[in-house]
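These notes concern the structure reproduced below.
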Amino acid sequence: MAKHFRVFAIAFLTILMFVLLAARIQTPAQPKDAATDVGIGGDFRTCLIHSGYYHILDPFIGPLVSPEDFAKWYVPLRAKSTSPHGECLINVSTFIEYFGITREQIQQLIDDTRIDFVLEYNLDILFSGDRALIEAYYDIKNEELHAKMAFEREDKHFAEKLRRLQRIVNKNARMSRYYHDVWTYSSFVSPAGKRQILDWMQGLIESGQYDRVNIVELVVNHERVSRESFERFATKHNMHIFTHYNLDVIFSGDPRIVAGYYSMKNESRHTTQVQAAFEQFVSKHGQPDLSRRLD
């Protein structure tokens, strides 16, 4: 994970170099030792004392500060950089202080662009005025933690949207809630997967096709998941304690079998089976994550 953000930081500096080249600004040559050659304009260093997030400033260039003004600030500081273990003068905190950026400005940018899905800008820390606290929070040892936090924010965001859509479907669809339950499956996929399922659901709901939001339509026709893959995934996450996915029925390819099995008259029986499986799991392993359960 740390390697990923070293690469991300290099990519950020590469973008900046294009900006500087476009403005025809020349930076002083840097020493070759401990440097990473990115292929254009010379060598760039990555900070080895801070989390990579502390030095990612490109989301602010344009929306909050012009490229020209940013370059005027960046170039002199870049010239002072002599070691990847040095003070790292180009960071979010010094950027905020120099340009007088307000907390409200950054929060609005986050709300508009959701950059918090991939970056860690802790506004309570950054605007605390406590330099020691800022340095401690953005210490390089916290980089993987920051990545995990950003991932969890993104996952939570799409999960909440999916749950809202699932409630709409449950109120309008005509068959058993277990047939229309795409939430249990989607709750275990990645944020990127959640986003795709969200778009799929949104399109069907907006066109009034509530009945098409179902587990067969999703995994068999939309995502084209094989039975074997689905079974491994469902077993891994113990989906049987949250919902009733009958794989023989789901992958039967026969709409009549599906309609008969997941008719409303069978919903209560399936609920009893799920509840029994849930109680058995709790007795052996304790409470699972209850957010996976349908309302």
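The values are calculated or read from the model by the stated rules, or taken from the named source; none is laboratory data. Source: prediction; values computed, not measured. Cβ placement follows ideal geometry from the backbone for every residue including glycine, while neighbour counts extend to all protein chains displayed.
Couple of notes before you dig in:
- All positions within segment 30-86 that are on the phi > 0 side of the Ramachandran plot and modelled with pLDDT of 90 or more: Gly62
- Of all the numbered requirements in (1) assigned to a helix (DSSP H, G or I); (2) in contact (Cβ under 8 Å) with a residue 60 or more places away in the chain; (3) outside the structural domain of Pro191 (by TED's automatic domain parsing), Leu133 misses one, and that requirement is (2).
- Within segment 103-148, the set of residues being of a type in the set (A, V, I, L, M) and surrounded by fewer than 15 Cβ atoms within 10 Å (Cβ to Cβ) comprises Leu123, Ala132, Leu133, Ala136, Leu145.
- Within segment 186-208, residues that are under 16 Å from Glu160 (Cβ atoms) reach partners that are hydroxyl-bearing (Ser, Thr, Tyr) and surrounded by 12 or more Cβ atoms within 10 Å (Cβ to Cβ) with beta carbons closer than 6 Å, at six or more positions or on different chains, in the pairs Lys194/Ser186; Ile197/Ser186.
- Residues in segment 242-256 that are under 23 Å from Arg232 (Cβ atoms) and loosely packed, with under 15 Cβ neighbours inside 10 Å: 3 in all.
- Residue satisfying all of: in segment 197-237; surrounded by 11 or more Cβ atoms within 10 Å (Cβ to Cβ) and among the hydroxyl-bearing types (Ser, Thr, Tyr); farthest from Ser263 (Cα to Cα) among these: Ser229
- Residue within segment 145-160 that is outside the structural domain of Leu64 (by TED's automatic domain parsing), free of Cβ contacts under 8 Å to residues at least 40 places away in the same chain, part of a helix (DSSP H, G or I) and over 30 Å from Val182 (Cβ atoms) present: yes
- Checking each residue in segment 58-68 for being farther than 16 Å from Ala150 by Cα and in contact (Cβ under 8 Å) with a residue 12 or more places away in the chain picks out Asp58, Phe60, Ile61, Pro63, Leu64, Val65, Pro67, Glu68.
- Of the residues making up segment 202-217, not a single one is of a type in the set (A, V, I, L, M), part of a helix (DSSP H, G or I), in contact with a Phe, Trp or Tyr (Cβ under 8 Å, 6 or more places away or on another chain) and within 19 Å of Leu290 (Cα to Cα).
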